[in-house]
Amino acid sequence: MKRPSPVPVLALGIAALAVLTIFGVGQGAAHIAGGKVVAILGHVVGLRSATAFRPWEATILLDVRMPRVVTGAFVGGGLALSGAALQALFRNPLADPGVIGVASGASLGAVAAMYLGLAAAGVWAVPVFAIAGASATAFSVYAIASRGGRLPMGTLLLAGVALGSLASALTSLLLSLSLEEYEQGRQTFRWLMGGLEAKTWGEALLVAPLTLAGAAVVTASARELDALLLGEMQAASLGVDVPAVRRRLIFATSVVIGGAVAVSGVIAFVGLVVPHLLRLVVGPSHAVLLPACLVFGAAFVVGCDLLCRTLVAPEELRLGIMTASLGAPFFLYLLLTRRREVSIE
Amino acid sequence: MTAKLEGRGLAFAYDGRPVFSDVSVALAPFELVALVGPNGAGKSTLLHVLLGLLSPKSGLVTLDGRHISELSRREIAQRVAFLPQQTHSDFAFTVRELVAMGRMPHLGRFRPEGPEDTAAIEGALERTDTRMFADRLASELSGGERQRVLLARAIAQSTDLLLLDEPTSSLDLGHQLEVIGLLRALVDGGKAAAVALHDLSLAARFADRIIVLSEGKIAAEGRPRDVITEELLARHFHIRARVEHAPEGVLVVPIAPI
């Protein structure tokens, strides 16, 4: 099987993201045609266009819908990239932010910040707590699973499930405690439902730098991740400082996942489905795979969010429902076809 | 510069269970050292210790006169290539991608492949006779083909020292001779190599020096014709065997377990 060269694949992803963005900001209670969308976006960067638009259309598009799409793009790209990196790091095709409990840890951190009333203290409180929760979970899962120098698949998944469940239980505890205060409970509950509605530029500008910074660190380790896929010994013999790379990548992916969870809640399966589909197309080499995950993960979530808003309009589906109903069957397919690796040793 | 790898008075234990003690090994250019011994004698462990992947309980390993723990993994990888025992990976790299990974220690994180790297990769594919499947997925190859690909990666790494762990274990006779012959040629070209081997005849024919690791220490060491004897095979491999000195070298004919 000959692989397609990476440039057209990435170009296709960028084109898909652009088209979905134009549809995404055009769709809604007030429909804005594609031509107008392009004219409004052009206007922002100082381009004149023959297509006329009304000021309120520009306002809806730029201040209401655009931040939602931008947030979704960064969340999706970040989750897909983190999933790809975690799969290589754990040498486990089923690792993803949700499966190994990192997303639940981030969730717990975010809810703890809200429970402690820190959300009002500053826009960074929730993401900082989410990142702390994500890192603590990732390091714990890693420490438990890598005992004795090995990293068996069964132990990894069980440790992830156990710690993820613990984090979920604590999250539920905090939620039930915070329900006594109506406003705080409502805020926590809405956040836990996940999704992208009512995202503002504040949230978009919060998740963007976290995703880009984390993605830069992860992508800079592309060669090391390639070597790690061959196993710890081989990576080390090729000059990779394995413990340092692991620490760096666990922290970098936790920043990305923590940022994504902080703004959109837990969105399942993006980090699993997107990397696996792309690996089938572009191969396992991370120098290509990671940028492709960023672009296609963004397009996937923007597309899913678009479906959520349009399928049952004027009602909205939850984003997590859409990504999970597309992702869960794929996950089951992996479980069935790779049963040998999934079995507990 | 000629690299020299040396371990002195090495001892190693897994969770308190001693594997070997008081083992000293020195590797020098133009010399092929075969490491033999019964299963579990610690041949792989010794290679891992020499490579700095495991820390010895006592003793020290030096590379070009410097303590190996003072060197970064990358500095070590620029001088020593390692071919581990057969491993499998589910992730589908092409043969060329795998061989190109041998250039990692020279490229670091960002530098793209230059002409020198391409030449090293092409040369390695050529020498191991793997160019014809350069664009195929390594996971689709037979065990023997994969072993040659891993050897190609070690060659592409362009190091003065080679450590190989059972490089012939899954090969048919023809490919065994090819791989060990290639290794011989690399050593004759000035590299130093240590290779863990199960096949005593192969070790005796191609190595300059044999080290027998058994019962936690070096049981014998020296030229193959002096080391490989019927007494040694009985004592350390627990077999009755006939040892013949043929024009091609020392031949070991195993007869029965003792």
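Data overview
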| item | result |
| --- | --- |
| DSSP beta bridge pairing in the protein assembly as shown, given as percent antiparallel to the nearest 5 | 60 percent |
| Electrostatic dipole magnitude of chain B [Cβ: Lys, Arg +1; Asp, Glu -1; Cα centre; debye, to 20] | 480 debye |
| More than 47 angstrom apart: percent of Cα pairs within the protein assembly as shown | 27 percent |
| Anchor B:Lys4: lysines whose Cα lies under 24 Å away (excluding residues fewer than 8 positions away in-chain) | B:Lys43, B:Lys57, B:Lys191, B:Lys217 |
| Part-to-part distance (alpha-carbon centres) for region A:168-231 and region B:202-224, which is given in Å | 58 Å |
| Protection proxy ranking of A:111-124, B:24-37 - average other beta-carbon atoms within 10 Å, highest first | B:24-37, A:111-124 |
| Shielding by partners - mean other protein chain Cβ count within 10 Å, residues of A:236-247 | 6 |
| Where only alpha carbons of chain B are counted, the Rg and the Dmax (Å) | 18.4, 57 |
| Top positive-direction residue, dipole computed over the protein assembly as shown with Cβ charges, set B:Val253, A:Ala11, B:Ala220 | A:Ala11 |
| Max mean-square fluctuation residue, GNM over chain A, Cα-Cα springs under 10 Å, options A:Val19, A:Val141, A:Val255 | A:Val19 |
| Relative contact order (%) - criterion: Cα under 8 Å, at least six apart; region: chain A | 29 percent |
| Distance in nm between pseudo-label sites at B:Ser55 and A:Ala213 (7 Å out along the Cβ direction from Cα) | 3.2 nm |
| Protection proxy ranking of B:164-173, B:218-227 - average other beta-carbon atoms within 10 Å, highest first | B:164-173, B:218-227 |
| For chain A, built as a Gaussian network whose Cα springs stay under 10 Å, the top-fluctuating residue of A:Val75, A:Val281, A:Val44 | A:Val44 |
| Positive-pole candidate from B:Gln176, A:Ala260, A:Ala119, dipole of the protein assembly as shown, charges at beta carbon | A:Ala119 |
| Relative contact order %, region B:141-258, counting alpha carbon pairs below 8 Å whose residues are six or more apart | 17 percent |
| On Cα atoms only, tilt of B:173-188 relative to the major axis of chain B in degrees | 80 degrees |
| Share, in percent, of DSSP beta bridges within chain B that are antiparallel, nearest 5 | 60 percent |
| Estimated D of region A:187-311 in µm² per second, where Rh is the Kirkwood radius over Cα pairs and Stokes-Einstein applies at 4 °C, 1.567 mPa s | 81 µm²/s |
| Binned Cα-Cα distances of region A:245-345, short to long, each 10 Å bin given as a whole percent | 13, 37, 37, 11, 1 |
| Cα centroid of region A:1-67 to Cα centroid of region B:148-181, whole Å | 55 Å |
| Relative contact order (%) - region A:115-184, alpha-carbon pairs under 8 angstrom, separation at least six | 32 percent |
| Choice from A:Ser146, A:Ser104, A:Ser49 showing the highest fluctuation, given a GNM over chain A with Cα pairs closer than 10 Å | A:Ser49 |
| Shape category assigned to region B:56-203 from the gyration tensor of Cα positions, a/c cut at 1.5 | oblate |
| Cα gyration tensor shape for region A:42-122, rounded if a/c is under 1.5, else prolate or oblate | oblate |
| Qualifying trypsin sites (Lys or Arg not before Pro) in region B:1-91, DSSP loop, other Cβ atoms within 10 Å at most 12 | none |
| Rounded, prolate or oblate (a/c below 1.5 giving rounded, otherwise prolate when a/b exceeds b/c) for region B:127-241 by Cα gyration tensor | prolate |
| Stretchable slack from A:Ala29 to A:Ala287, in nm (0.36 nm times residue separation minus alpha-carbon distance) | 88.8 nm |
| Computed E for B:Arg17/A:Phe251 - FRET, C-beta separation, R0 35 angstrom, nearest 0.05 | 0.50 |
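Laboratory data are not the source of any read-out in this text; all were calculated from the coordinates shown. Given the structure is predicted, the values throughout are model-derived calculations rather than measurements. Cβ: placed from backbone, ideal geometry, glycine included. Neighbour counts: every protein chain shown.
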